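Below is one structure, written out as structure tokens; comments come after it.
The values are calculated or read from the model by the stated rules, or taken from the named source; none is laboratory data. What you see is a predicted model, and the numbers here were worked out from it, not measured in a lab. Ideal geometry is used to build each Cβ from the backbone, glycine not excepted, and the neighbour counts take in all protein chains shown.
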Amino acid sequence: MNWWLLMIPVIGALIGWMMNAIAVQFLFHPRKPLHILGFRIQGILPAQQPAIAAKLGKMAGDELISFNDLEQKITSPESLHKVMPLVETHIDHFLRTKLSKAFPMISMFIGEKTINQLKEVFMEELKEIFPALMKGYMKNLQQDLDLEKIITEKLVTFPHEKLESIVSAAVSRKFGIWGALTGFLIGLVLLFIVMAAT
């Protein structure tokens with residue numbers, strides 16, 4: 001048996017790793033289009049960035065971020081329960097400080113008991129109107145805010161360098177390992193074929 005045949009899987013692993021490393025580079029480079037012999041050459045992501053941005057923007061606007069979900073979350077009893085202590089603090093400050101400054105005569109007739117009664121009435125009223133207010137606010141926000149357009153514009157102008165560093169950090173090493181493993185397995189298959197043929 002020729003011992004150099006054992007190098008086939010190793011060479012296969014090296015080729016697989018190199019091919020995947022080159023493939024990652026071709027995702028981003030060249031960033032600006034080059035014209036060689038009538039062919040336009042550009043990295044896949046820079047060339048397709050507007051189309052990818054439009055698709056991601058549409059998906060985010062339609063599926064990932066739902067105004068109905070946001071509205072339900074904001075108007076839920078849990079959200080109301082969380083915001084009420086802050087509202088109560090403001091109402092208390094208004095009744096005790098701002099009202100007496102704006103109307104000094106009134107403050108002479110309003111005592112602690114009256115302040116607490118007024119505060120209680122205001123809080124009950126706010127608990128009733130808060131969900132309706134937030135629903136109205138969310139409807140106006142949905143009309144004024146085109147999420148698909150905002151996300152698409154952000155992605156179209158997203159710097160290629162940042163995108164490359166994010167993708168490279170996430171996939172480059174694993175992509176290389178998978179390429180090496182695939183090349184090694186193909187090399188083993190070739191080695192068995194060569195050994196079976198001899």
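Please work out if A21 is assigned to a helix (DSSP H, G or I), surrounded by 14 or more Cβ atoms within 10 Å (Cβ to Cβ) and at pLDDT below 80. In short, yes. Looking across the range 100-135 at every residue that is among the aromatic types (F, W, Y) and touching a helix residue (DSSP H, G or I) at 6+ places or on another chain (Cβ under 7 Å), the one that is modelled with the lowest pLDDT is identified as F130. When you look at K113, is it exposed (fewer than 14 other Cβ atoms within 10 Å of the Cβ) and under 38 Å from the mean Cα position of the chain (by Cα), yes or no? Considered against the rule, which asks whether it is exposed (fewer than 14 other Cβ atoms within 10 Å of the Cβ) and under 38 Å from the mean Cα position of the chain (by Cα), K113 comes out as no. In the range 74-92, the condition of being closer than 24 Å to D62 by Cα, surrounded by 11 or more Cβ atoms within 10 Å (Cβ to Cβ), at pLDDT below 85 and not hydroxyl-bearing (S, T, Y) is met by at least one residue. The number of residues in the range 141-173 that are at pLDDT below 80 and over 28 Å from A21 (Cβ atoms) comes to 8. Note on the range 37-60: among residues that are at negative phi and outside any helix (DSSP H, G or I), the one that is surrounded by the fewest Cβ atoms within 10 Å (Cβ to Cβ) is F39.
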